[in-house]
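*Asks:* Let me begin by handing over the structure; questions about it come next.
Taken together, the values in this text are just the output of simple stated rules run on the coordinates, not laboratory data. On a predicted model such as this, the values are computed, not experimentally measured, just so you know. A quick note on method: Cβ atoms are made from the backbone with ideal geometry, for glycine too, and the neighbour counts reach across all protein chains shown.
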Amino acid sequence: MKPLRQPAENLETSVPEDNGTKPATDQDAASNYWDYDYSNFYSGAGFDAFDILDPFDAWWEQARPRGYYLFGQPITTAPGTRVHLVETKGNTKLENLVNLASYNYLGLSYRPEVIAAAQEAIGRYGLGASGSPILSGTIDLHEELAEKVARFKNKESVLLFPTGYSANLGVISGLMRPGDLVVADQYSHASIVDGAILSKAKTRFFRHNNAADLDRKLQGFSGKKLVVIEGVYSMDGDLAALADIVEVSRKYGARILIDEAHSAFLFGEHGRGVAEHLGLDDEVDMHLGTFSKSLGGMGGYVGGSTKFINYLRGFARSRVFSCALSPGVAAGLIAALKIVEEEPELRAKLWENVAFLQERLRNAGVDIGDSESQVIPIMIRDDARIFSIAEELIHGGVYLNPIRYPAVGKHRSRFRISVSAAHTRDDLEEGADIIIRVLRKNGICS
């Protein structure tokens, strides 16, 4: 299993470190539960690919009831500001939890206009596109969505992908080749790492937001170069140091790809993203994002010059060989984008909520790192205890997910709050009160 982040001490590789403590036997894996995590099962001895399954299963039988069950628990409502949840450990239903976990930043996934548009499209086109976008899968809704996203982002053209993950995979591997160089921020999402690996280009990682280290990584390379960053970093909520990164990239003739998954439709005067927010929209060559967060649907896109988009149509394999977006999703996204354009007050409300919650938590001594966005980490830094704290939060009335390796580095465990424009002040007050109470009980904040 690949880490979503690269450890700072291991910036030249995209493979997790082997700590040399893989369980020798099934019994070891079960009895020494707390000594192991996913990293111990990345690979195993033996000549059969399934040899790793028995020791992993022995560990998993102990790990799941002790906390790993907290991942993937089914919600039985829309991802609104309050949710009902089935706790899989006891198969019990927890109701009316304050939802601080969903990426539904503008509350659009369940807006009546969005639902109605999706329903109408399904009635007309059916459930799925039933084909690759280069063959039978493209419908007029896809063309309309791409044109409207391009206009919104102020780009010549946009190419749609079935997911945000496949967008990074397709763009990076579609553009870069063996012998080229990809340099990405060390906190890059897995899709960026995997896109670089698939391209077979030489891959380096620079220290987070450190332009001087980026300079060092670009030095001495004479071939084609690509620098990849994110607008908002999804585990810390901080912004890209874009001005410095642009300066260094231009110095070495490197192209720039920014992933605005957590910032498009939110930041900037027009909501185009962090690049617009920082006044550097035209300095970035490729603008990539997702539809699964601020627009409340699913899918991904990349915007840029028409020449670039036309080239990717033939070389972005994750798009060429995938089914196109569902007609219902495409229609819902068109409706969601219309709301974003016509209701800028949603963004204003979001930032009002973010400022309130960040101040409330900081004043209570909660460590929220360097967050500058609607993504607010609650730093725990205790890989073992985070599960018991998560149980207390959920049973106390707040839905938050424990985040630990491989989503973040070891001993960097945390919870991650996602603030929405749909949250009321009462939602945020109640959520903050529960979080502070639980953290104080566990000695995490003053």
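*Asks:* Per 0.36 nm of contour for each residue apart, how much would the distance between I115 and F356 grow if the chain were fully extended, relative to their Cα-Cα spacing?
*Replies:* Roughly 83.8 nm would be gained on extension.
*Asks:* Express the relative contact order of segment 112-342 as a whole percentage, based on alpha carbon pairs under 8 Å and six or more residues apart in sequence.
*Replies:* Over segment 112-342, the number comes to 32 percent.
*Asks:* Moving on to the next point. So which residue, out of G237, G396, G328, gets the largest mean-square fluctuation from a GNM of the chain using Cα contacts under 10 Å as springs?
*Replies:* Largest GNM mean-square fluctuation: G396.
*Asks:* Would you please give the residues with an amide H less than 5 Å from that of R82, counting only those at least 5 places away or on a separate chain, with H modeled from the backbone geometry?
*Replies:* N99
*Asks:* Separate question: In nanometres, what is the gap between the two model label sites at L53 and A384, each 7 Å from Cα along Cα-to-Cβ?
*Replies:* Spacing of the two 7 Å Cα→Cβ label points: 3.2 nm.
*Asks:* What are the ³J(HN,Hα) couplings of segment 266-280, residue after residue, when phi is run through the Karplus curve with 6.51, -1.76, 1.60 and θ = phi - 60°? Round to Hz, x for glycine and proline.
*Replies:* Taking θ as phi minus 60°, the curve returns 10, 8, x, 4, 9, x, 7, x, 5, 4, 5, 3, 8, x, 10 Hz for segment 266-280.
*Asks:* Same structure again: Once both labels are modelled 7 Å past Cα along the beta-carbon direction, what's the A364-R151 spacing in nm?
*Replies:* 4.5
*Asks:* Need one word for segment 373-419: rounded, prolate or oblate. Basis is the Cα gyration tensor (sqrt eigenvalues a ≥ b ≥ c); a/c below 1.5 gives rounded, then a/b vs b/c decides.
*Replies:* oblate
*Asks:* Okay, next question. Using DSSP to define loop residues, name the GluC sites (Glu not before Pro) in segment 304-368 whose beta-carbon has at most 11 other beta-carbon atoms within 10 Å.
*Replies:* Qualifying residues, ordered by number: none.
*Asks:* Taking segment 217-255, which trypsin sites (Lys or Arg not before Pro) meet the DSSP loop condition and have no more than 13 other C-beta atoms within 10 Å?
*Replies:* Taking segment 217-255 and a limit of 13 other Cβ atoms within 10 Å, no loop trypsin sites (Lys or Arg not before Pro) are found.
*Asks:* Count charges around E392 for me, please; just the other residues with Cβ under 12 Å from its Cβ, Lys/Arg as +1, Asp/Glu as -1.
*Replies:* Within the 12 Å Cβ shell, the charges total +3.
*Asks:* Next up: Using helices alone, what [θ] at 222 nm do you get for the chain, with -39,500 (n - 2.57) per DSSP H run of 4 or more residues, divided over all residues and rounded to the nearest 500?
*Replies:* -11500 deg cm²/dmol
*Asks:* Kindly put K89, K307 in sequence by how many other C-beta atoms sit within 10 Å of each C-beta, fewest to most.
*Replies:* K307, K89
*Asks:* Now for a separate question. Got a sec? How would I172, I436 order by Cβ neighbour count within 10 Å, fewest to most?
*Replies:* Placing the least packed residue first, the sequence is I436, I172.
*Asks:* Among bridges DSSP assigns within the chain, what percent are antiparallel (round to 5)?
*Replies:* Among the beta bridges of the chain, antiparallel pairing accounts for roughly 55 percent.
*Asks:* Sort I309, I258 so the one with the fewest other Cβ atoms within 10 Å of its own Cβ comes first.
*Replies:* I309, I258
*Asks:* Could you compute the FRET efficiency for D244 and F71, with r as their C-beta to C-beta distance and R0 at 30 Å, rounded to 0.05?
*Replies:* Computed FRET efficiency for D244 and F71: 0.25.
*Asks:* Please identify, among E260, E95, E276, the residue showing maximal mean-square fluctuation in a Gaussian network model of the chain using a 10 angstrom Cα cutoff.
*Replies:* E95
*Asks:* Write down the percent of antiparallel bridges among all DSSP beta bridges whose residues are both part of segment 112-342, to the nearest 5.
*Replies:* 35
*Asks:* What residue among G300, G231, G46 has the largest mean-square fluctuation in a Gaussian network model of the chain, using Cα springs under 10 Å?
*Replies:* Sorting by GNM fluctuation, first place goes to G46.
*Asks:* Further question: At 7 Å along the Cα-to-beta-carbon direction for both C445 and S305, put a label point, then send me their distance in nm to one decimal.
*Replies:* 4.8
*Asks:* Just name one of I256, Y233, Y42: the one whose Cα is farthest towards the positive end of the charge dipole of the chain (beta-carbon charges, Lys/Arg +1, Asp/Glu -1).
*Replies:* Sorting the options by dipole projection puts first I256.
*Asks:* Then there is this: Which loop chymotrypsin sites (Phe, Trp or Tyr not before Pro) in segment 294-336, with loop taken from DSSP, have no more than 14 other Cβ atoms within 10 angstrom of their Cβ?
*Replies:* F321
*Asks:* How big is the charge dipole of the chain about its Cα centre, in debye rounded to the nearest 20, if each Lys and Arg gets +1 on its Cβ and each Asp and Glu gets -1 on its Cβ?
*Replies:* Magnitude of the dipole: close to 640 debye.
*Asks:* Something else about it: Of the listed values (1) 46, 25, 19; (2) 33, 29, 23; (3) 36, 28, 26, grab the one calculated as semi-axes √(5λ) of the Cα gyration tensor in Å from the structure here.
*Replies:* The listed entry that was calculated here is (2).
*Asks:* Further question: Using a simple charge model, +1 on the beta-carbon of Lys and Arg, -1 on the beta-carbon of Asp and Glu, nothing else, what dipole does segment 112-342 show about its Cα centre, in debye to the nearest 20?
*Replies:* Taking the Cα centre of segment 112-342 as origin, the dipole is about 1060 debye.
*Asks:* Among the lysines, which have Cα under 25 Å from the Cα of K148 when same-chain residues fewer than 8 positions away are ignored?
*Replies:* Within the straight-line limit of under 25 Å, K148 reaches these lysines: K293, K307, K338, K349.
*Asks:* Could I ask something else about it? Which FRET efficiency value, to the nearest 0.05, is calculated for F221 and S130 with the Förster distance at 45 angstrom and r the Cβ-Cβ distance?
*Replies:* 0.55
*Asks:* Can you return the lysines within cross-link range of K441? Criterion is Cα-Cα under 28 Å, with same-chain partners fewer than 8 residues away left out.
*Replies:* Correct list for K441: K89, K93, K410.
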